[in-house]
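The next block holds one structure in the form of structure tokens; read it before the comments.
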Amino acid sequence: MTVHHQLTGPEDADVVVLSNSIGTDLALWDQQVPALARHFRVLRYDQRGHGGTPAKPGPYDLRDLAGDVLELLDHLGIERAHFAGVSIGGMTGMWLAEHAADRIAALALICTSAELGPRQNWRDRAALVREQGTTAVVEASLPRWFTPALAERPDVAAKFGGMLGDCDDEGYAGCCEAIASMDLLAGLPGITAPTLVIAGRDDPATPPPHAERIAAAVPGARLEVLDDAAHLANAEQPELVNDLLLDHFTRSS
């Protein structure tokens, strides 16, 4: 598996891995990299079937997606890293913190869930995309990713709608199936990495109760709920998210 990735920042600094939401590529983190890379070695990568990473035939599960991360870290000679993920990226991070704890120094979970039903909805979306392509879900996705003022901006629609429309159909569908089969709740109390949980108050995809459930279960976790932010909170409130990530990872370093 060749995972498309980019490294930015000082070569001798602690590494921060950034993991994308379903339907986006590593450009999701464009507004985080300049701030983080002043202090950390930033590793962005694309989930399989997204951006520059090829797809494998689905279905996938979180073990597959987390395995891609572990193989990438091994390939780059990175033994231990901080990890921040949005949506399915956060699910990937929780799996790693539960099953490969020695590789995760600190964890930041943005607009994500440890169990996201109804499961059949995700299987139905996978079937739709395999039949009609990812362009069939662009119109419905943008209002879930952003609050109305941002979702209706032409530049935002072009950038993020383009990311989703460019996803490999099988890769996107396989990631839908990974979400459908995902249940990380039982392992949350065993997470030992310092954990920051961020929610968007206006997020219809993973509303704040999902973040509250994670933060209540992970020992010592910190919860932050951001106003005027929907599902892609790091793109909608970049300065707030940057401050939270810098503070969290600096403390953990």
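Read the figures in this text as sums done on the coordinates, not as results from a lab. Everything quoted here is computed from the prediction, not taken from an experiment. Glycine gets a Cβ as well: all are built from the backbone with ideal geometry, and neighbour counts include every protein chain shown.
Each residue of the stretch 130-141 in turn: what ³J(HN,Hα) in whole Hz from Karplus with 6.51, -1.76, 1.60 and θ = phi - 60°, glycine and Pro shown as x?
Result, rounded to whole Hz: 5, 8, 10, x, 5, 4, 6, 10, 5, 4, 7, 7.
How many angstrom separate the Cα center of the stretch 1-48 from the Cα center of the stretch 58-88?
Result: 12 Å between the Cα centres.
Rounded to the nearest whole Å³, what is the per residue volume of the convex hull around the Cα atoms of the stretch 42-84?
Spread over its residues, the Cα hull of the stretch 42-84 gives 88 Å³ apiece.
Filter the trypsin sites (Lys or Arg not before Pro) in the stretch 50-104 down to the DSSP loop ones having no more than 16 other Cβ atoms within 10 Å, then list what survives.
R80
How compact and how long is the stretch 1-97, expressed as Rg and Dmax of its alpha-carbon atoms in Å?
In order Rg, Dmax, the Cα atoms of the stretch 1-97 give 12.4, 38 Å.
Say we join alpha carbon atoms closer than 10 Å with springs in a Gaussian network model of the chain; which of P194, P118, P54 then has the biggest fluctuation?
Taking springs between Cα atoms under 10 Å, the residue moving most is P118.
What residues from the stretch 225-253 fall in the zone where the backbone N is under 13 Å from a label point 7 Å along the Cα-to-C-beta line of D30?
Counting only backbone N, you get 235-236.
State, to one decimal in nm, how far the label point of T2 lies from the label point of A127, with both points 7 Å from Cα in the Cβ direction.
3.5 nm
Normalized C-alpha radius of gyration of the stretch 39-176, against 2.2 N^0.38 Å?
1.10
Kindly provide the GluC sites (Glu not before Pro) of the stretch 54-134 that DSSP labels as loop, not H, G, I, E or B, and whose Cβ sees at most 16 other Cβ atoms within 10 Å.
E79, E115
Which label marks the calculated value of mean projected area of the Cα convex hull in nm², given the options (i) 12.8; (ii) 13.5; (iii) 11.5?
Evaluating mean projected area of the Cα convex hull in nm² on these atoms matches (iii).
Considering the zone a paramagnetic label at A101 would reach in this model (a point 7 Å from Cα along the Cα-to-Cβ line), which residues of the stretch 176-190 have amide N under 13 Å from it?
Answer for the stretch 176-190: 187-190.
Given the Cα-Cα distance of R63 and R213 and 0.36 nm per residue of separation, how much length would full extension add, in nm?
Residue separation times 0.36 nm, minus the Cα-Cα distance, leaves 51.8 nm.
Taking the Cβ of A186 as the centre, find all other residues whose Cβ is under 12 Å away and add up their charges (Lys, Arg: +1; Asp, Glu: -1).
Counting the neighbours of A186, the net charge comes to -3.
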